[in-house]
Amino acid sequence: EGQGAELIWRDSSNKRLSPLDALKVYALKTAPAFEAALYTGARLAGDASQLAEPIKLFARNIGVAFQILNDLADWEGDQHNKLNAGGDVLGGRPTLLWALALSNLKPEQQQELLSLASLDCELSDQQKLSKAMQLYRQAQVFEQAHRLIEKHEQRALEAAAQIESHSMQRLLVYLVDTVLARNETQE
């Protein structure tokens, strides 16, 4: 569902996106993969009925945090994500950063950002990325994104703490530590 929602947005002429809608796409896109893997493993180990809700809550939060981290990595041009920074803007993918910028900018700057996604935008890719970065910084999206990662990371850890099995708790904490491993410096 999340991938479908992303494709529908990408192909739409309306590039407005609220932060809540971006987070919903993330929850539908990445969280189910975490949930399916974790629940399948738990189910193979035995009765997992009491784990269904905590795993679902954990997966939703780690999936959302992972996607936000992926958004940030796109602007760093890292080796694990994409070689060139700003690929999400150039690829027309909906991101939380885009949504936060639209939410935080004044109407005239919102229009500047929206124009970057227009098919008739005459700017070069480098000019688009430079303008997007300027607007993102102005809107303080990188700082907000880091705070949201921390919020969802904390919620994932709280969900893990609901599970009685210490070995399962350790596994989930390990997943948080490895999946959300990131450079702690902010943009």
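The values are calculated or read from the model by the stated rules, or taken from the named source; none is laboratory data. All values derive from a computational prediction rather than experimental measurement. A quick note on method: Cβ atoms are made from the backbone with ideal geometry, for glycine too, and the neighbour counts reach across all protein chains shown. SASA here: full protein model, heavy atoms, side chains in, ligands and nucleic acids out. Shrake-Rupley method; radii C 1.70, N 1.55, O 1.52, S 1.80 Å.
A straight Cα-to-Cα reach below 24 Å connects residue 15 with the lysines 24, 29, 82, 106, 128, 131, residues fewer than 8 places away in its own chain not being considered.
Express the accessible area of the stretch 53-178 per residue in Å², computed with a 1.4 Å probe while the remaining protein chains stay in the model. Before the final figure, lay out each step's value.
On the way: 6440 Å² over 126 residues.
Dividing the accessible area of the stretch 53-178 by its residue count gives 51 Å².
Against the longest alpha carbon principal axis of the chain, how many degrees, from 0 to 90 and to the nearest 10, is the axis of helix 166-179 turned? Between the helix axis and the principal axis of the chain, the angle is about 20 degrees. Helix 31-45 axis versus longest C-alpha principal axis of the chain: approximately 10°, rounded to the nearest ten.
Considering the chain as a Gaussian network with a 10 Å cut-off on Cα pairs, which listed residue, 61, 70, 14, attains the greatest mean-square fluctuation? Of 61, 70, 14, the most mobile in the Gaussian network model is 14.
Taking the Cα centre of the chain as origin, work out the dipole magnitude from +1 charges on Lys and Arg Cβ and -1 charges on Asp and Glu Cβ, in debye rounded to 20.
Computed charge dipole of the chain: roughly 200 debye.
The sum of -39500 (n - 2.57) across all DSSP H runs of n ≥ 4, divided by the residue count of the chain, sets its helix-only mean residue ellipticity at 222 nm to -23000 deg cm²/dmol.
Which entry in (1) 8, 22, 26, 20, 13, 8, 3, 0; (2) 9, 34, 36, 18, 4, 0; (3) 9, 35, 32, 16, 7, 1 matches P(r) over Cα pairs in 10 Å bins from 0, in percent derived from the coordinates of this structure? Among (1) 8, 22, 26, 20, 13, 8, 3, 0; (2) 9, 34, 36, 18, 4, 0; (3) 9, 35, 32, 16, 7, 1, the one calculated here is (3). Taking the C-alpha atoms only, the angle from helix 107-116 to the longest principal axis of the chain is near 90 degrees.
Proximity of backbone amide H atoms, modeled 1.01 Å from N, is registered between residue 17 and no other residue at under 5 Å, excluding neighbours fewer than 5 places apart on the same chain. Taking 107, 54, 94 in turn, the Gaussian network model of the chain (Cα-Cα springs below 10 Å) assigns the largest fluctuation to 107.
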